[in-house]
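Taking it in order: structure first as C-alpha coordinates, then the write-up.
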Amino acid sequence: MSAKLSVNINKIATLRNSRGGNNPDLLQVALDCERFGAEGITVHPRPDERHIRYADVYELKKHISTEFNIEGNPKEDKFVQLVLDNKPAQVTLVPDASGQLTSNHGWDTIQEQSFLKQIIPVFKDAGIRVSIFVDPVAAMIRGAKACGTDRVELYTEAYAQNYPVDKTKAIADYVTAAQVAAKEQVGLNAGHDLDLHNLQFFAQSIPNLLEVSIGHALISDALYLGLQNTVAMYLRCLK
Ligand code: PXP
(Lines give C-alpha, C1' and ligand atoms only; values in the text may rest on other atoms or scores of the structure.)
Protein backbone atom coordinates (compact mmCIF):
# COMPACT_ATOMS: atom_id res chain seq x y z
CA MET A 1 0.00 0.00 0.00
CA SER A 2 1.44 3.38 -0.95
CA ALA A 3 1.36 6.32 1.44
CA LYS A 4 -1.66 8.59 1.13
CA LEU A 5 -1.29 12.13 -0.14
CA SER A 6 -3.01 14.76 2.01
CA VAL A 7 -2.87 18.22 0.43
CA ASN A 8 -2.33 21.07 2.87
CA ILE A 9 -4.40 24.00 1.57
CA ASN A 10 -3.11 26.71 3.91
CA LYS A 11 -1.41 28.55 1.04
CA ILE A 12 -4.69 28.81 -0.86
CA ALA A 13 -6.20 30.53 2.18
CA THR A 14 -3.20 32.88 2.38
CA LEU A 15 -3.75 33.93 -1.23
CA ARG A 16 -7.49 34.38 -0.69
CA ASN A 17 -7.00 36.44 2.45
CA SER A 18 -4.57 38.80 0.72
CA ARG A 19 -7.48 40.40 -1.18
CA GLY A 20 -10.34 39.97 1.26
CA GLY A 21 -12.75 38.23 -1.15
CA ASN A 22 -13.26 34.55 -1.92
CA ASN A 23 -10.76 34.09 -4.74
CA PRO A 24 -9.34 31.48 -4.86
CA ASP A 25 -12.26 29.58 -3.39
CA LEU A 26 -10.76 27.39 -0.65
CA LEU A 27 -13.58 24.84 -0.61
CA GLN A 28 -13.52 24.47 -4.40
CA VAL A 29 -9.75 23.91 -4.33
CA ALA A 30 -10.17 21.22 -1.65
CA LEU A 31 -12.87 19.48 -3.70
CA ASP A 32 -10.74 19.73 -6.84
CA CYS A 33 -7.73 18.21 -5.03
CA GLU A 34 -9.97 15.30 -4.08
CA ARG A 35 -11.28 15.02 -7.66
CA PHE A 36 -7.69 14.95 -8.93
CA GLY A 37 -6.85 12.04 -6.64
CA ALA A 38 -5.67 13.46 -3.32
CA GLU A 39 -6.58 11.10 -0.50
CA GLY A 40 -6.83 13.73 2.18
CA ILE A 41 -7.08 17.44 2.91
CA THR A 42 -5.01 19.08 5.64
CA VAL A 43 -5.53 22.45 7.29
CA HIS A 44 -3.46 24.12 9.97
CA PRO A 45 -5.53 26.94 11.46
CA ARG A 46 -3.57 29.30 13.68
CA PRO A 47 -5.01 31.57 16.38
CA ASP A 48 -4.48 34.74 14.31
CA GLU A 49 -6.39 33.10 11.40
CA ARG A 50 -3.81 34.46 8.98
CA HIS A 51 -4.52 31.66 6.52
CA ILE A 52 -7.15 29.05 7.43
CA ARG A 53 -10.00 30.65 9.40
CA TYR A 54 -11.87 28.70 12.01
CA ALA A 55 -15.05 29.16 9.93
CA ASP A 56 -13.29 27.49 6.97
CA VAL A 57 -12.87 24.32 8.98
CA TYR A 58 -16.62 23.99 9.65
CA GLU A 59 -17.37 24.58 5.95
CA LEU A 60 -14.74 22.14 4.69
CA LYS A 61 -15.89 19.43 7.08
CA LYS A 62 -19.39 19.54 5.56
CA HIS A 63 -18.13 18.75 2.06
CA ILE A 64 -14.86 16.83 2.22
CA SER A 65 -15.17 13.12 1.44
CA THR A 66 -11.52 12.05 1.86
CA GLU A 67 -9.58 12.07 5.15
CA PHE A 68 -9.73 15.46 6.83
CA ASN A 69 -6.65 16.25 8.92
CA ILE A 70 -6.58 19.25 11.25
CA GLU A 71 -3.20 20.34 12.60
CA GLY A 72 -2.52 22.63 15.50
CA ASN A 73 -1.45 23.19 19.06
CA PRO A 74 -3.75 21.57 21.65
CA LYS A 75 -2.53 24.00 24.31
CA GLU A 76 -4.99 26.46 22.73
CA ASP A 77 -8.47 25.69 24.05
CA LYS A 78 -10.04 27.15 20.89
CA PHE A 79 -8.16 24.60 18.79
CA VAL A 80 -9.32 21.68 20.93
CA GLN A 81 -12.94 22.84 20.65
CA LEU A 82 -12.62 23.31 16.88
CA VAL A 83 -11.37 19.75 16.45
CA LEU A 84 -14.04 18.26 18.73
CA ASP A 85 -16.77 20.21 16.91
CA ASN A 86 -15.62 18.94 13.52
CA LYS A 87 -14.48 15.39 14.29
CA PRO A 88 -11.95 15.03 11.46
CA ALA A 89 -10.47 11.65 10.56
CA GLN A 90 -7.22 12.78 12.16
CA VAL A 91 -5.85 15.52 14.35
CA THR A 92 -2.12 16.23 14.16
CA LEU A 93 -0.83 17.85 17.32
CA VAL A 94 1.97 20.36 16.73
CA PRO A 95 3.84 22.26 19.49
CA ASP A 96 4.17 25.57 17.61
CA ALA A 97 3.92 29.01 19.17
CA SER A 98 0.97 31.11 18.00
CA GLY A 99 2.93 33.65 15.93
CA GLN A 100 5.33 31.13 14.43
CA LEU A 101 5.84 31.37 10.65
CA THR A 102 5.59 27.59 10.25
CA SER A 103 6.15 24.51 12.42
CA ASN A 104 9.84 24.16 13.22
CA HIS A 105 10.18 21.41 15.82
CA GLY A 106 8.49 18.29 17.07
CA TRP A 107 7.15 17.51 20.55
CA ASP A 108 9.49 16.64 23.35
CA THR A 109 7.45 13.56 24.18
CA ILE A 110 9.35 12.99 27.42
CA GLN A 111 9.13 16.50 28.90
CA GLU A 112 5.54 16.92 27.70
CA GLN A 113 4.42 13.42 28.53
CA SER A 114 1.91 14.33 31.23
CA PHE A 115 0.25 16.97 29.02
CA LEU A 116 0.12 14.65 25.99
CA LYS A 117 -1.20 11.74 28.06
CA GLN A 118 -4.02 13.94 29.23
CA ILE A 119 -4.94 15.56 25.89
CA ILE A 120 -4.61 12.59 23.48
CA PRO A 121 -7.57 10.66 25.00
CA VAL A 122 -9.76 13.77 24.65
CA PHE A 123 -9.53 13.33 20.88
CA LYS A 124 -9.41 9.53 20.81
CA ASP A 125 -12.55 9.29 22.94
CA ALA A 126 -14.29 11.41 20.29
CA GLY A 127 -13.30 8.86 17.61
CA ILE A 128 -10.53 11.02 16.13
CA ARG A 129 -7.21 9.41 15.18
CA VAL A 130 -4.29 11.23 16.80
CA SER A 131 -0.90 11.88 15.24
CA ILE A 132 1.81 13.91 16.93
CA PHE A 133 4.58 15.82 15.19
CA VAL A 134 8.05 14.61 16.19
CA ASP A 135 11.66 14.89 15.11
CA PRO A 136 13.19 11.64 13.82
CA VAL A 137 14.65 10.64 17.17
CA ALA A 138 14.11 7.15 18.61
CA ALA A 139 13.51 8.39 22.18
CA MET A 140 10.81 10.80 20.95
CA ILE A 141 9.00 8.00 19.15
CA ARG A 142 9.15 5.71 22.17
CA GLY A 143 7.90 8.66 24.23
CA ALA A 144 5.08 9.19 21.73
CA LYS A 145 4.03 5.57 22.13
CA ALA A 146 4.00 5.99 25.91
CA CYS A 147 1.68 9.00 25.48
CA GLY A 148 -0.87 6.80 23.69
CA THR A 149 -0.82 8.36 20.22
CA ASP A 150 -2.00 6.37 17.20
CA ARG A 151 0.61 7.82 14.87
CA VAL A 152 3.58 10.15 14.70
CA GLU A 153 4.28 12.61 11.91
CA LEU A 154 8.01 12.81 11.23
CA TYR A 155 9.19 16.38 10.75
CA THR A 156 10.99 16.20 7.40
CA GLU A 157 12.60 19.63 7.10
CA ALA A 158 16.10 18.29 7.90
CA TYR A 159 15.64 15.54 5.31
CA ALA A 160 14.59 18.06 2.67
CA GLN A 161 17.51 20.35 3.43
CA ASN A 162 20.11 17.59 3.31
CA TYR A 163 18.64 15.63 0.40
CA PRO A 164 20.44 17.63 -2.34
CA VAL A 165 23.78 17.21 -0.54
CA ASP A 166 23.67 13.49 0.31
CA LYS A 167 20.33 11.70 0.13
CA THR A 168 21.56 8.53 1.85
CA LYS A 169 22.78 10.52 4.83
CA ALA A 170 19.65 12.67 4.76
CA ILE A 171 17.32 9.68 5.08
CA ALA A 172 19.33 7.72 7.68
CA ASP A 173 17.66 9.12 10.83
CA TYR A 174 14.24 8.70 9.24
CA VAL A 175 14.85 5.04 8.40
CA THR A 176 15.86 4.39 12.01
CA ALA A 177 12.85 6.35 13.28
CA ALA A 178 10.55 4.36 11.00
CA GLN A 179 11.98 1.09 12.33
CA VAL A 180 11.38 2.23 15.91
CA ALA A 181 7.83 3.26 15.04
CA ALA A 182 7.17 -0.15 13.47
CA LYS A 183 8.54 -1.92 16.55
CA GLU A 184 6.44 0.26 18.86
CA GLN A 185 3.39 -0.25 16.61
CA VAL A 186 2.94 3.46 16.07
CA GLY A 187 1.64 4.50 12.63
CA LEU A 188 3.87 6.74 10.58
CA ASN A 189 3.10 9.99 8.74
CA ALA A 190 5.54 12.60 7.47
CA GLY A 191 5.53 16.21 6.40
CA HIS A 192 7.28 19.52 5.88
CA ASP A 193 9.23 20.63 2.84
CA LEU A 194 8.52 17.47 0.88
CA ASP A 195 8.50 18.18 -2.85
CA LEU A 196 8.69 16.63 -6.31
CA HIS A 197 12.46 16.18 -5.97
CA ASN A 198 12.72 14.53 -2.58
CA LEU A 199 9.38 12.73 -2.12
CA GLN A 200 9.92 9.57 -4.15
CA PHE A 201 13.18 8.65 -2.41
CA PHE A 202 11.59 9.31 0.98
CA ALA A 203 8.57 7.10 0.24
CA GLN A 204 10.73 4.31 -1.23
CA SER A 205 13.04 4.35 1.78
CA ILE A 206 10.24 4.26 4.38
CA PRO A 207 8.01 1.28 3.51
CA ASN A 208 5.70 1.70 6.51
CA LEU A 209 4.84 5.32 5.64
CA LEU A 210 1.06 5.81 5.83
CA GLU A 211 0.54 9.45 4.86
CA VAL A 212 2.35 12.60 3.77
CA SER A 213 0.90 16.07 4.08
CA ILE A 214 2.27 18.54 1.60
CA GLY A 215 1.41 22.19 1.11
CA HIS A 216 3.97 24.80 0.19
CA ALA A 217 5.81 23.01 -2.63
CA LEU A 218 2.69 21.41 -4.10
CA ILE A 219 0.77 24.69 -4.33
CA SER A 220 3.87 26.45 -5.73
CA ASP A 221 4.31 23.73 -8.37
CA ALA A 222 0.65 24.09 -9.32
CA LEU A 223 1.35 27.66 -10.52
CA TYR A 224 3.48 26.22 -13.31
CA LEU A 225 2.03 22.74 -13.83
CA GLY A 226 -1.64 23.22 -12.96
CA LEU A 227 -3.31 21.67 -9.93
CA GLN A 228 -4.51 18.51 -11.66
CA ASN A 229 -1.07 17.65 -13.11
CA THR A 230 0.64 18.53 -9.88
CA VAL A 231 -1.52 16.29 -7.72
CA ALA A 232 -1.00 13.46 -10.23
CA MET A 233 2.77 13.97 -10.15
CA TYR A 234 2.91 13.87 -6.34
CA LEU A 235 0.77 10.74 -6.35
CA ARG A 236 3.17 9.14 -8.81
CA CYS A 237 6.07 9.80 -6.44
CA LEU A 238 4.23 7.77 -3.80
CA LYS A 239 3.43 4.75 -5.96
N1 PXP B 1 3.15 19.10 8.74
C2 PXP B 1 3.05 20.10 9.63
C3 PXP B 1 2.90 19.76 11.08
C4 PXP B 1 3.06 21.44 9.22
O5 PXP B 1 2.95 22.42 10.11
C6 PXP B 1 3.16 21.72 7.85
C7 PXP B 1 3.13 23.15 7.38
O8 PXP B 1 1.93 23.74 7.74
C9 PXP B 1 3.27 20.64 6.95
C10 PXP B 1 3.26 19.33 7.43
C11 PXP B 1 3.38 20.85 5.48
O12 PXP B 1 4.59 21.46 5.17
P13 PXP B 1 4.84 22.08 3.74
O14 PXP B 1 3.90 23.24 3.60
O15 PXP B 1 6.28 22.48 3.78
O16 PXP B 1 4.56 21.00 2.73
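The values are calculated or read from the model by the stated rules, or taken from the named source; none is laboratory data. For clarity, every value in this text was computed on a predicted model and none was experimentally measured. Here the Cβ positions follow ideal geometry from the backbone for every residue, glycine too, while neighbour counts run over all protein chains shown. These accessible areas exclude ligands, DNA and RNA; they are computed on the full protein's heavy atoms, side chains included. Shrake-Rupley method; radii C 1.70, N 1.55, O 1.52, S 1.80 Å.
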Under the 0.36 nm per residue contour assumption, what length would be gained going from the current alpha-carbon distance of GLN179 and ASN104 to full extension?
24.7 nm
Signed unit charges on C-beta, dipole axis of the chain, positive-most listed residue CYS33, PRO164, GLN113
CYS33
Before anything else, pin down the relative contact order of the chain: Cα pairs under 8 Å, at least 6 apart, normalised by residue count, whole percent.
20 percent
Neighbour net charge for LEU210 - beta-carbon separation under 11 angstrom, K R +1, D E -1
-2
With +1 at each Lys and Arg Cβ and -1 at each Asp and Glu Cβ, the charge dipole magnitude of the range 1-57 around its Cα centre, to the nearest 20 debye, comes out at 160 debye
Dipole magnitude of the range 96-228, debye to nearest 20 (Cβ charges: Lys/Arg +1, Asp/Glu -1, about Cα centre)
420 debye
Residues whose placed amide H lies under 5 Å from that of ILE9, excluding near-sequence neighbours:
THR42
Under-5 Å amide H pairs with ILE132, H placed in peptide plane, nonlocal only
LEU93, ARG151, VAL152, GLU153
Expected field for SER18, accessible surface area in Å² at 1.4 Å probe radius, rounded to 10, holds 90 Å²
Can you give the relative contact order of the range 118-239 as a percent, counting alpha carbon pairs under 8 Å and 6+ residues apart?
21 percent
Per the 1.4 Å probe, what fraction of the accessible area of the chain, in percent, lies on carbon and sulfur atoms?
51 percent
Got a sec to turn the phi values of the range 156-170 into Karplus ³J(HN,Hα) couplings, 6.51 cos²θ - 1.76 cosθ + 1.60 with θ = phi - 60°, whole Hz, x for Gly and Pro?
9, 4, 5, 4, 4, 5, 8, 3, x, 7, 7, 5, 5, 5, 4
If you bin the C-alpha pair distances of the range 56-107 every 10 Å from 0, what whole percents do you get?
24, 51, 25, 1
Can you give the Kirkwood hydrodynamic radius for the chain, in Å, rounded to one decimal and based on Cα pairs?
17.8 Å
Of LYS183/LYS239; LYS124/LYS169; LYS78/LYS169; LYS117/LYS239; LYS62/LYS124, pairs whose Cα-Cα distance is over 32 Å
LYS124/LYS169; LYS78/LYS169; LYS117/LYS239
With the contact rule set at Cα under 8 Å and sequence spacing of 6 or more, what percent relative contact order holds for the range 1-60?
41 percent
Using each residue's phi in the range 44-56, evaluate 6.51 cos²θ - 1.76 cosθ + 1.60 at θ = phi - 60° and report the 3J(HN,Hα) Karplus result to the nearest Hz, with x for Gly and Pro.
10, x, 10, x, 7, 6, 6, 10, 6, 8, 4, 5, 4
Net lengthening on full extension, VAL165/ASP195 (0.36 nm per residue, minus Cα-Cα):
9.3 nm
Translational D (Stokes-Einstein, µm²/s) of the range 161-239 at 4 °C and 1.567 mPa s when Rh comes from the Kirkwood sum over C-alpha pairs?
98 µm²/s
Excluding ligands, DNA and RNA, what is the solvent-accessible area per residue of the chain at a probe of 1.4 Å, expressed in Å²?
45 Å²
Kindly write out, for the range 70-79 in residue order, the coupling ³J(HN,Hα) from the Karplus curve 6.51 cos²θ - 1.76 cosθ + 1.60 (θ = phi - 60°), rounded to whole Hz, with x marking Gly and Pro.
10, 9, x, 9, x, 7, 9, 4, 5, 5
